Amino acid sequence: MTLKIALDSVVIHETPLEEIHFDTNTIAVTFDDADEKRWKLTFKPYQAIQTTTIDCYPFSNLVIDEAIDENGYFQRYLLEVTDSQWIKALQDELRLIDPHATFLEKAHHYIFPFQDIVVEIIAWGYQLEEVY
């Protein structure tokens, strides 16, 4: 799995107080950053969502060099998997149902490494907004 920072302008707080809301078209993830500002990332359209408790996730896989600060501490960012096996598996399933569908070619695999859970989302993209 190859990772990169998808959004480097917002460092996720170590206790982010995350909230996740979704319906059939949209996923909205709200959380605090390291300066205790509240942010909302809205993913639309999305194809999949998965949450895993931190105890059951190989968290060390998410520690990448780009996320280590000048003092050697891991900073939490929204990450992107650039060679996602999950997207490939979804594409394989989609081909069985509709061999001409191409919408998953626009999809990205995003990961939120929160304090207690890891949230993974397959979506075309996201919109960032500060919540006041």
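Rounded, prolate or oblate: pick one for the range 39-94, where a ≥ b ≥ c are the square roots of the eigenvalues of its C-alpha gyration tensor, a/c under 1.5 means rounded, and failing that, prolate if a/b is larger than b/c, else oblate. Note, shape of the range 39-94 comes out prolate. The GNM of the chain, with springs linking C-alpha atoms under 10 angstrom apart, assigns the highest mean-square fluctuation among Leu62, Leu17, Leu78 to Leu17. Per atom type, the chain shows carbon and sulfur on 47% of its accessible surface, probed at 1.4 Å.
Gain in length, Phe103 to Asp83, computed as 0.36 nm per residue apart minus the alpha-carbon separation, to one decimal in nm?
Values: separation 20, 0.36 × 20 = 7.20 nm, distance 1.68 nm.
My answer for the length gained is 5.5 nm.
Relative to the dominant Cα principal axis of the chain, helix 85-97 is inclined by about 20°.
Under 5 Å between amide hydrogens, built in the peptide plane, is the criterion, and for Leu7 it picks out Leu78 among residues at least 5 positions away or on other chains.
Explain nothing, just the number: dipole magnitude of the range 1-41 about its Cα centre with +1 on each Lys and Arg Cβ and -1 on each Asp and Glu Cβ, in debye rounded to the nearest 20.
Details: 4 positive and 9 negative charges, 40 e Å.
Roughly 200 debye, rounded to the nearest 20.
Only Lys, Arg, Asp and Glu carry charge here, each on its Cβ (+1 for the first two, -1 for the last two); on that basis the range 1-129 has a dipole of about 480 debye about its Cα centre.
When you count, for each residue, the other Cβ atoms within 10 Å and take the mean per peptide, how do 68-77, 114-123, 85-94 rank with the highest first? The partial results should precede the final answer.
Details: 68-77: 11.9, 114-123: 18.6, 85-94: 13.5.
Packing proxy ranking, top to bottom: 114-123, 85-94, 68-77.
For the chain, adding -39500 (n - 2.57) for each run of n ≥ 4 DSSP H residues and dividing by the number of residues yields -3000 deg cm²/dmol at 222 nm. The distance linking the range 54-132 with the range 1-53 is 10 Å (Cα centroid to Cα centroid, whole angstrom). Between the residues Ala34, Tyr57, Tyr73, the greatest Cα displacement towards the positive end of the dipole of the chain, with unit charges on the Cβ of Lys, Arg, Asp and Glu, is found for Tyr57. Across the chain, the mean sequence separation of Cα contacts (distance under 8 Å, 6 or more residues apart), normalised by length, yields a relative contact order of 34 percent.
The values are calculated or read from the model by the stated rules, or taken from the named source; none is laboratory data. Only a predicted model underlies this, so the values are computations on that prediction, with no experimental measurement involved. A quick note on method: Cβ atoms are made from the backbone with ideal geometry, for glycine too, and the neighbour counts reach across all protein chains shown. For the accessible areas, the whole protein counts, side chains as well, though only heavy atoms, and no ligand, DNA or RNA atoms are used. Shrake-Rupley method; radii C 1.70, N 1.55, O 1.52, S 1.80 Å.
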